[in-house]
Amino acid sequence: MLPKRLLLAYTFFVLPAAAAVTFTHDVAPILYQHCVACHHPNDVAPMPLITYDQVKPWAASIKEAVLLRKMPPWKADPHYGKWSNDPSLSPAEIETLKAWADGAKLEGNPKDLPAAPVFEDGWRIGKPDKIVSIPEHKLEGS
């Protein structure tokens, strides 16, 4: 149990800071770094998570997915090394997303919003060395 004086100081200084989590300053940078590679238009994820208006309705689902570590998906076993493309969230990033979802879901100052990543449609992992076409064959009786 915290002494009353310490509890008042905690309530005055720590809790207001948690309430000040905003999309533009705190949430968007996390999503841009870890989520929007898949969560942008015309990609594998079911919804884009780039703008405040796109993200706000999904706040509770985002919170649940990151707390359960379902998102971002990463199946590599961390016991076998650190991977350069590991999109996993740090505990601090998870706490930030949770605080925003639990709070007022403030948008924040538009000047704080980082530039949104730009994605190309189609093949994104470099030019292939060779493209092999497989001819179509009709099966007998079809």
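Taking region 41-58 only, how many residues are in contact with a helix residue (DSSP H, G or I) (Cβ under 8 Å, 6 or more places away or on another chain), open to solvent by less than 50 Å² (accessible area, probe 1.4 Å) and in contact (Cβ under 8 Å) with a residue 12 or more places away in the chain?
Within region 41-58, residues that are in contact with a helix residue (DSSP H, G or I) (Cβ under 8 Å, 6 or more places away or on another chain), open to solvent by less than 50 Å² (accessible area, probe 1.4 Å) and in contact (Cβ under 8 Å) with a residue 12 or more places away in the chain number 5.
Residues being farther than 20 Å from Pro73 by Cβ and either among the polar types (S, T, N, Q) or in a helix (DSSP H, G or I) (or both): count how many of those fall in region 96-106. Show your work before the answer.
Of the residues in region 96-106, the ones farther than 20 Å from Pro73 by Cβ are 99-100, 102-106.
Subsequent filtering for residues that are either among the polar types (S, T, N, Q) or in a helix (DSSP H, G or I) (or both) retains 99-100, 102.
Count: 3.
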Next on the checklist: Report every pair of residues separated by at least 6 positions or lying on different chains whose Cβ atoms are under 6 Å apart, first residue within region 87-106 and at positive phi, second of a type in the set (A, V, I, L, M).
Outcome noted: Lys105/Ala59
Item to check | Trp58 being assigned to a loop (DSSP other than H, G, I, E, B) and among the aromatic types (Phe, Trp, Tyr) | outcome: no
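Quick one: is Pro29 in a loop (DSSP other than H, G, I, E, B) and open to solvent by 40 Å² or more (accessible area, probe 1.4 Å)? Steps first, answer last, please.
Values: in a loop (DSSP other than H, G, I, E, B): no; open to solvent by 40 Å² or more (accessible area, probe 1.4 Å): yes.
Spelling it out, it is not the case that Pro29 is in a loop (DSSP other than H, G, I, E, B) and open to solvent by 40 Å² or more (accessible area, probe 1.4 Å).
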Checklist entry - open to solvent by less than 50 Å² (accessible area, probe 1.4 Å), at pLDDT 95 or above, hydrophobic (A, V, I, L, M, F, W, C) and out of contact with any Cys (no Cβ under 9 Å at 6 or more places or on another chain) - does that describe any residue in region 72-85? => result no
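The values are calculated or read from the model by the stated rules, or taken from the named source; none is laboratory data. Keep in mind that what you see is a predicted model, and the values were worked out from it rather than measured. Cβ: placed from backbone, ideal geometry, glycine included. Neighbour counts: every protein chain shown. Each accessible area value is taken on the protein alone, full model and side chains, heavy atoms only, with ligands, DNA and RNA left out. Shrake-Rupley method; radii C 1.70, N 1.55, O 1.52, S 1.80 Å.
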